[in-house]
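Undergrad: Dumping the structure here so I can ask a few things about it.
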Amino acid sequence: MSELAASLHVLPFAPPGIRPRSRLRIWLPAVLALAGFAALPLDLPLARWIAAGRCPADLGRLLHLAEAYAHGFGVTAILLTAIVLDWRRRELFPRAIATVAGAGLLANLLKMSLARTRPHAFSFAGDVWTTFGHWLPLSRAASDFESFPSGHMAAAAALTAVLIWLYPRGRWLFVTFALLAGGQRLYSTAHFLSDVAWGAAVGTFAASLFLPGGWLSLFDRFEAYLTRRRNYGVGGEKLRASSAARGVQAAGCDSSR
């Protein structure tokens with residue numbers, strides 16, 4: 001989780017409306033994916049510690065509230081609030097929505113590729129490798145076997161990347177919310193630590209696809225079209241009207257001299 005906080009501080013996403021000279025690098029999702037493998041030895045000890053009720057109650061209540069930042073309803077509410085308050089830049093939000101939705105879709109596809117038992121359904125009788133089930137369960141696996149990866153964390157990481165892109169001044173606030181949301185997935189025994197890291201990798205990978213400078217540029221022309229339409233109207237009527245108004249004003253000034 002610390003890798004997420006450190007890396008998001010220097011996310012190389014371009015500011016809204018500015019396209020960088022080079023494509024977004026893939027190093028952040030790769031680092032988080034490797035962190036997931038590195039966390040495997042900690043999965044069972046940490047899950048046992050949480051299941052034993054050793055987490056402080058006040059911290060548990062805080063983590064419980066933090067789920068809103070990663071839950072579908074909470075993410076939707078946050079994005080709707082941003083759209084309403086930042087209506088002037090509304091052309092940027094289709095990209096933002098696609099980033100978060102893409103992260104959730106990719107996480108669900110991965111869940112259907114490999115079954116893994118959730119901590120609350122695991123007996124802790126074997127080692128960490130016994131938490132993994134068979135390949136390609138598709139939609140046949142029950143929820144108790146959809147621990148890999150954390151879909152909540154994928155959404156939280158993608159939302160964090162989007163909010164940092166839109167409002168870079170609040171980067172550490174958004175990172176803190178994402179870390180708390182990841183902690184909630186551990187506290188609820190819904191995921192192992194590695195699942196949370198892999199979920200963060202999925203979310204940042206979606207951001208590397210959709211945000212400016214990423215691998216996909218399908219929103220660039222769409223945003224340019226919406227910006228042009230907002231500023232000048234369809235066919236440039238607003239621009240021509242503004243030019244005509246300035247001409248009338250100039251003529252009035254000349255006649256008054």
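The values are calculated or read from the model by the stated rules, or taken from the named source; none is laboratory data. All of these numbers come straight from a predicted model, not from anything done at the bench. Neighbour counts are summed over all protein chains in view; Cβ atoms, including those assigned to glycine, are modelled from backbone coordinates with ideal geometry.
Undergrad: Out of (1) closer than 16 Å to Leu40 by Cα; (2) surrounded by 24 or more Cβ atoms within 10 Å (Cβ to Cβ); (3) out of contact with any Phe, Trp or Tyr (no Cβ under 8 Å at 6 or more places or on another chain), the odd one out for Val162 is which?
TA: For Val162, the failing item is (1).
Undergrad: Go through the residues of segment 173-192 one by one and say whether even a single one is under 21 Å from Pro94 (Cα atoms) and touching a residue at least 12 places away in the same chain (Cβ under 8 Å).
TA: For segment 173-192, residues under 21 Å from Pro94 (Cα atoms) and touching a residue at least 12 places away in the same chain (Cβ under 8 Å): present.
Undergrad: Taking segment 150-172, which residues are under 17 Å from Trp198 (Cα atoms) and either of a type in the set (Phe, Trp, Tyr) or in contact (Cβ under 8 Å) with a residue 60 or more places away in the chain (or both)?
TA: His152, Met153, Ala155, Ala156, Ala157, Leu159, Thr160, Ala161
Undergrad: If you don't mind, another one. From Ala82, Ala77, Ala103, which residue is buried (at least 22 other Cβ atoms within 10 Å of the Cβ), modelled with pLDDT of 95 or more and in a helix (DSSP H, G or I)?
TA: Ala103
Undergrad: Got at least one residue in segment 119-140 being without any contact (Cβ under 8 Å) to a residue 60 or more places away in the chain, in a helix (DSSP H, G or I) and of a type in the set (D, E, K, R)?
TA: So far as segment 119-140 goes, no, none of its residues is without any contact (Cβ under 8 Å) to a residue 60 or more places away in the chain, in a helix (DSSP H, G or I) and of a type in the set (D, E, K, R).
Undergrad: Output the qualifying pairs, or none if there are none: Cβ atoms under 7 angstrom, residues six or more apart or on different chains, first residue in segment 216-242 and assigned to a helix (DSSP H, G or I) and at pLDDT 75 or above, second residue among the acidic types (Asp, Glu) and surrounded by 12 or more Cβ atoms within 10 Å (Cβ to Cβ).
TA: Pairs that qualify, where the first residue is assigned to a helix (DSSP H, G or I) and at pLDDT 75 or above and the partner is among the acidic types (Asp, Glu) and surrounded by 12 or more Cβ atoms within 10 Å (Cβ to Cβ), are Glu223/Glu91; Leu226/Glu91; Thr227/Glu91.
Undergrad: Any idea which of Ala70, Ala66, Ala47 is surrounded by 17 or more Cβ atoms within 10 Å (Cβ to Cβ), in contact with a His (Cβ under 8 Å, 6 or more places away or on another chain) and closer than 14 Å to Gly182 by Cα?
TA: Of Ala70, Ala66, Ala47, the one residue that is surrounded by 17 or more Cβ atoms within 10 Å (Cβ to Cβ), in contact with a His (Cβ under 8 Å, 6 or more places away or on another chain) and closer than 14 Å to Gly182 by Cα is Ala70.
Undergrad: For Arg171, state whether it is basic (Lys, Arg) and under 30 Å from Gly53 (Cβ atoms).
TA: No, not satisfied.
Undergrad: Picking from Ala197, Ala155, Ala181, which residue would you name as being out of contact with any Asp or Glu (no Cβ under 6 Å at 6 or more places or on another chain), at pLDDT 95 or above, within 22 Å of Leu85 (Cα to Cα) and surrounded by 24 or more Cβ atoms within 10 Å (Cβ to Cβ)?
TA: Ala155
Undergrad: Just checking, does segment 89-100 include any residue being over 23 Å from Ser147 (Cα atoms), free of Cβ contacts under 8 Å to residues at least 24 places away in the same chain and of a type outside the set (Phe, Trp, Tyr)?
TA: Scanning segment 89-100, I find at least one residue that is over 23 Å from Ser147 (Cα atoms), free of Cβ contacts under 8 Å to residues at least 24 places away in the same chain and of a type outside the set (Phe, Trp, Tyr), so the answer is yes.
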